[in-house]
Ligand SMILES: Cc1cc2nc3c(=O)[nH]c(=O)nc-3n(C[C@H](O)[C@H](O)[C@H](O)COP(=O)(O)OP(=O)(O)OC[C@H]3O[C@@H](n4cnc5c(N)ncnc54)[C@H](O)[C@@H]3O)c2cc1C
């Protein structure tokens, strides 16, 4: 592509990935500093990958309309906040590597800045951008803890969570500090650059913007309180603490379905509309005011699980995506496509499993306990390939997070880092323990 003289030379591109926010975004802060130093525009960009709307090898769309709609809300909120600051979010559609490389070349940008993502597919995109000769500056920021603060080298992060947590706690490592919220931005490219002519890949993507949310949901994301954007995320975090819910977290977190039982931070953490460090920082302020207890401690504990799955990606990378996961030697992976389909549709004949799968399909979210139960059922009772289940969750969950999803599925399958070699949850016992009066199964008895 020939450079176009209508573009301001040497500008900075900021590529938003899973960090759709202005608070605690050190990577964006770096891009702003460079643009200011060189007195050049900073263009915020988001790339919609059409590959996300294609079918998986398992026969369903990679990103359900629910997940698309959740991301749409986060993008709309980001776009509106950027406009208020005199900037403008450019949304492009195309394979991200080629699209960004073409955008950087045609606009004569000095480089692209973005957060680092440690999953193999995302790393391939980064590689493609660099191979095109574009200067790409990534910054790791999605974990609670700073990698450099860990008491282990990246390749020596303990495989077992308890050893990881104890190592962190014994070394006194705490969450990284929160970067100041962006309140001013360098100007974006002038609108006269006429993107459509310069770069044919730039046009608005055909993503779902609204979906029917079943009113039986425990996460009413069709209401303003649960809007997908950063501003609603921060309000939700404040309200969660103002209602003193951290204190009851440990006692309630295993509920099958209850709006107040767990934090519900994950949908916003997934798009990056909320940073884990901001959540922890707010939780520390809550503890300083109202006192810490095992409930508030357990939220830190769970966020450490989230971090552990991230750091395991740094250590094992592509190995986490093999059918055999981290197991050595030849491992048989059975699969039954008919049983898998019945599981997806909530038609296995087991009332609790079917209720969970129906809730997932109708709302884009289920509780952690239900995820464990239905995942275990697919792997250990229906003898299906764990990767098919992980792909279904990826498609359906509005809080889909590559590290946590991959890590948890591997853990339950016994091919990851579970020291007990995998978890089978007895679905009848789980129903007895967590739904003794059958209310949850009754609520989702119909699709
Ligand atoms: C098979 C399976 C697949 C999963 N896929 C995902 C996924 O794609 N995205 C995702 O965010 N979580 C995933 N989880 C983890 C967990 O179920 C969700 O993080 C949790 O249900 C989110 O609800 P919450 O925000 O109310 O969590 P809370 O219970 O309030 O926990 C607070 C935060 O801690 C973190 N957390 C809690 N439990 C876990 C865990 N087991 N693993 C990693 N982090 C955890 C999350 O960031 C969560 O928001 C999966 C779990 C299983 C068993």
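The values are calculated or read from the model by the stated rules, or taken from the named source; none is laboratory data. None of these values were measured; they are calculated from a predicted model. Positions of Cβ are generated from backbone atoms using ideal geometry, with glycine treated the same way; all protein chains shown enter the neighbour counts.
Observations on the model:
- Considering the stretch 1-50, the residues that are surrounded by fewer than 15 Cβ atoms within 10 Å (Cβ to Cβ) and assigned to a loop (DSSP other than H, G, I, E, B) include one that is modelled with the highest pLDDT, namely 39.
Here's the yes/no breakdown for (1) in contact (Cβ under 8 Å) with a residue 40 or more places away in the chain; (2) outside the structural domain of residue 117 (by TED's automatic domain parsing); (3) not in a helix (DSSP H, G or I):
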position: 231; (1), (2), (3): yes, yes, no
position: 235; (1), (2), (3): no, yes, no
position: 240; (1), (2), (3): no, yes, no
position: 248; (1), (2), (3): yes, yes, no
position: 251; (1), (2), (3): yes, yes, no
position: 258; (1), (2), (3): yes, yes, yes
position: 270; (1), (2), (3): yes, yes, no
position: 282; (1), (2), (3): yes, yes, no
position: 292; (1), (2), (3): no, yes, yes
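- Subset of the stretch 354-372 that is in contact with a helix residue (DSSP H, G or I) (Cβ under 7 Å, 6 or more places away or on another chain) and more than 13 Å from the ligand (Cβ to nearest atom) - its residue that is farthest from residue 275 (Cα to Cα): 355
- When we screen 339, 391, 375, 383 for residues that are out of contact with any helix residue (DSSP H, G or I) (no Cβ under 9 Å at 6 or more places or on another chain) and not assigned by TED's automatic domain parsing to the domain that holds residue 262, the only hit is 391.
- Hits in the stretch 94-103 (condition: at negative phi, in contact with a helix residue (DSSP H, G or I) (Cβ under 8 Å, 6 or more places away or on another chain) and buried (at least 19 other Cβ atoms within 10 Å of the Cβ)): 96, 97, 100, 101
Results for (1) modelled with pLDDT of 65 or more; (2) buried (at least 18 other Cβ atoms within 10 Å of the Cβ), shown as yes or no for each residue.
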| position | (1), (2) |
| --- | --- |
| 207 | no, yes |
| 220 | yes, no |
| 237 | yes, yes |
| 241 | yes, yes |
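- Residue 376 falls short of the stated requirement of being in contact with a strand residue (DSSP E or B) (Cβ under 9 Å, 6 or more places away or on another chain), more than 8 Å from the ligand (Cβ to nearest atom) and part of a helix (DSSP H, G or I).
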